[in-house]
Amino acid sequence: MNRIDFLKASLFGIAGITLASSFPSVISGNPVMPGNWGWMDGSDHTTVNEWKELFDKLLSANIGGLLINGSNKLYEKIGPLGKQSGMQVHAWRWTMNRGEYMNDHPEWYTVNRLGQSVVDKPPYVHYYRWLCPSRPEVKDLLIKDYSAIADIPGINGVHLDYVRYCDIYLPVALLPRYNLVQDFEMPEFDYCYCPLCRGIFKEKNGYDPLDQKDPSSDQTWHQFRLDQLVHVVQELAKAIHIKGSIITAAVFPTPEMSRRMVRQDWSRFNLDAYLPMLYHEYYLKPTDWIGECIKEIRKEVNPSIPVSAGIMVNPKTFTPEVLAKTMHQIKKAGGNGISAFTAGGLNKEQLEALQKLG
């Protein structure tokens, strides 16, 4: 099951220490960043004409950036098409959640507080195979992978997904699906306690986090793990910016929620734009919550950095009227637009509404 299938199934099933940085958070000379984006699976379209028709349809609805999940071969095919049409094409690829190295390098993967590796016991779902951000090899492979994408003609940038640790806390609407009540940091979902993470921490702070009676309450240990991931992402951003390319990410709703739920301190990532996944149904919230999240985000994220609200474009929820209202709330709170999950799921009425909104 991939991310799209998992999110759809879940939806329908419910009815710090600052790291120094010597490089800018936004590169100079970028094209104008889109306000509205869309995520989509690259397998949804196959022929050149299908891609051209899609680009034209979305551009007419004021969606200027498309985040496409696929292979480098696909990006080589559609990058030039996007450039011809005026659509910004960004390569959407998973970051820390990758299982393809398990056989050769099981030591690269995260370990929970019980000593269980995701290689042997993945949490929640079978494809949750989280890489450890403390591993230099992990940082190097990510830089190599995304840099190769950035070199593909016509590809405007790379888009990070699953750029975090495993969920410590699931969105509240998903808890019944797993028969869980998460009112504390459960050890089976608390990562990473691998020997390398603990060793680096002990050398720096003088003790092993597992020596603590309750490691989850140790703020120094919590901050350490935030910083390990931030360092990886900042180095990745630096490499992509050197290429003259754009780097963005899908992130959890607000910086505070992200730090608490998935140890993702994304306000320090130094990326060119952020697309927080503001799937209000998962949090049992009304659509007004989306604008409230953007307001909270702007307390930590510089207004010069674009933030577009990721929304799940269920046509029953986001009627043209609700879509227009939500867009107004996003803009009023300091957001730049929306990112549709998925772009292919937008119906005719929604596309026409986006066209009128400008």
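Here, each number is a calculation from the coordinates, and none is a lab measurement. Values in this document were obtained by computation on a predicted structure and should not be read as measured data. Backbone-built Cβ (ideal geometry, glycine too); neighbour counts: all protein chains shown.
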| To the nearest 0.05, what FRET efficiency results for SER71 and TYR178 with a Förster distance of 30 Å applied to their C-beta separation? | 0.40
| remark: Once SER43 and ASN314 are pulled to full extension, the length gained, defined as 0.36 nm per residue separation minus their Cα-Cα distance, is 95.5 nm
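Given a Förster distance of 30 angstrom, what is the FRET efficiency for GLU53 paired with VAL32, based on the Cβ-Cβ distance and rounded to 0.05? Before the final figure, lay out the partial values.
On the way: r = 24 Å, r/R0 = 0.79.
In this case the efficiency is close to 0.80.
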| field | Eligible aspartates and glutamates near LYS77 by straight Cα distance, threshold 19 Å, same-chain separation 8 or greater | value | ASP41, ASP44, GLU50, GLU53, ASP56, ASP145, ASP151
| request: Assign unit charges at the C-beta atoms only (+1 for Lys and Arg, -1 for Asp and Glu), then state the dipole size of segment 256-300 relative to its Cα centre in Debye, rounded to the nearest 20. | output: 180 debye
| query | Taking the Cβ-Cβ separation of ASP104 and TYR283 as r and a Förster radius of 30 Å, what is the calculated FRET efficiency to the nearest 0.05? | reply | 0.20
| said: Based on alpha-carbon centroids, what's the gap between segment 146-177 and segment 68-131 in Å, whole number please? | reply: 8 Å
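Please go through the residue pairs LYS213/LYS285; LYS83/LYS356; LYS52/LYS348 and name each one whose alpha carbons sit more than 27 Å apart in this structure.
LYS213/LYS285
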| Counting all C-alpha pairs of segment 161-296, share separated by more than 18 Å (%) | 61 percent
| query | Distance in nm between label sites at GLU185 and LYS83, each 7 Å beyond Cα in the beta-carbon direction? | reply | 4.6 nm
| ASN205 paired with SER304, simple spin-label distance in nm, labels 7 Å along Cα-to-beta-carbon | 3.4 nm
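Taking 25 Å as the cut-off for C-alpha to C-alpha distance, list the pairs among LYS73/LYS331; LYS73/LYS144; LYS139/LYS243 that go past it.
LYS73/LYS331
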| task | Taking every pair of Cα atoms in the chain, average 1/r, invert it to obtain the Kirkwood radius, and report Rg/Rh to two decimals. | result | 0.95
